[in-house]
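Structure record follows, encoded as structure tokens.
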Amino acid sequence: MRQYLKIIALFILMIGLVAGVKQPVHANDSDSINEKLGVPIVVYGDTLTEAQKSEVRELLNVTDSSAIDEYTVTGQDIANYIDGDPNSRMFSSAKITREEKGTGLNIDIVTPDNITEVTSEMYANALLTAGVEDATVEVVSPVKVSGHSALTGIYKAYDVEGEQLDKERMELANEELDVATDLANKEGMDKEKVSELLTEIKKDIAEKNPATKEDVEKIVKEQLDKLEISLSDEDRQILINLFEKMRDLNINFDQVKNQLEDIASKVKDKIDNLDLDDDFWDKVANFFKDFFQLISNFFKGIFN
């Protein structure tokens, strides 16, 4: 009897611990305005209804419109910034809080179930390519979307605040995001593995400073071999062409090496979590199955 009572007490304690876990706060709760860096910027997708826009505000913890700058991103903005389709429907929205130099990029997808193709590391990689550094970016959508259009909203946020980004780099960043999501879809690669590949190639480019297309091709091949990733000849060439364009634009990834290291670390942690022992979750399920059966048997013994 004493053993069963201990088990029940442990069960109650576990319930209390689970119930006491607080949900993470996605948005910045500080009411203090940074006079040096400016207020946060919120960019809403133009296709949002008023009800959806209110939902986005709530998800981004926007309670005081005077404490932020608000803008709307349209299909025409996609055409202006990345030569995209001006008839695009825009649902993805973003909140950008500029941070002190050296802080790095922190990407928070507030509605992960509704951003179906792009991961936080994919956003971070693309934004570094576009020239965005040292910011906290929160991405949200009230409906399921791929997540690509959020980049345009972020570009507009910087543009209207007087920090114009290079158009060629913005277009290349969008191409990078397309390549990343295409690899995940076409090759059946895990999204984290795609992010790891792109990040490691950039780190290698920063270290080796390739002078020719052949040098870029060698780096891509070495990273594919190192990560044991097999691509079709077509996709391998698409990857080489992408990084050759980065070389042509003289994007200096050495300046953001610490931020690349941070992205690489986050990706590795996710991959490590995915690589848990195959039997791990089965063991957890069996444990709780046996545990609840034990509780059931105990109460049957009391009341029978």
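Only the coordinates and a few stated rules stand behind these numbers; no lab work does. Owing to the predicted nature of the structure, the values given are computational and were not obtained by experimental measurement. Please note: Cβ atoms are built from the backbone with ideal geometry, for glycine as well, and neighbour counts cover all protein chains shown.
Under the rule a/c < 1.5 gives rounded, and otherwise a/b versus b/c splits prolate from oblate, where does region 41-274 land using the Cα gyration tensor? Cα axes put region 41-274 in the prolate bin.
The ranking of Ser66, Ser265, Ser88 from fewest to most other beta carbons within 10 Å of each one's beta carbon is Ser66, Ser265, Ser88. Going from the fewest other Cβ atoms within 10 Å to the most, the residues Thr63, Thr49 appear in the order Thr49, Thr63. Please work out the C-alpha center-to-center distance from region 69-114 to region 120-193 and express it in whole Å. Measuring centre to centre over Cα atoms gives 8 Å.
Provide Lys53, Lys101, Lys266 in ascending order of the number of other Cβ atoms located within 10 Å of each residue's Cβ, fewest first.
On the way: Lys53 16, Lys101 9, Lys266 20.
Starting with the residue having the fewest Cβ neighbours, the order is Lys101, Lys53, Lys266.
If R0 equals 30 Å, the separation of the Cβ atoms of Glu70 and Lys221 corresponds to a calculated FRET efficiency of about 0.05.
Each peptide in 198-204, 241-247 gets a packing score, the mean of other Cβ atoms within 10 Å over its residues, and the list from highest to lowest is 198-204, 241-247.
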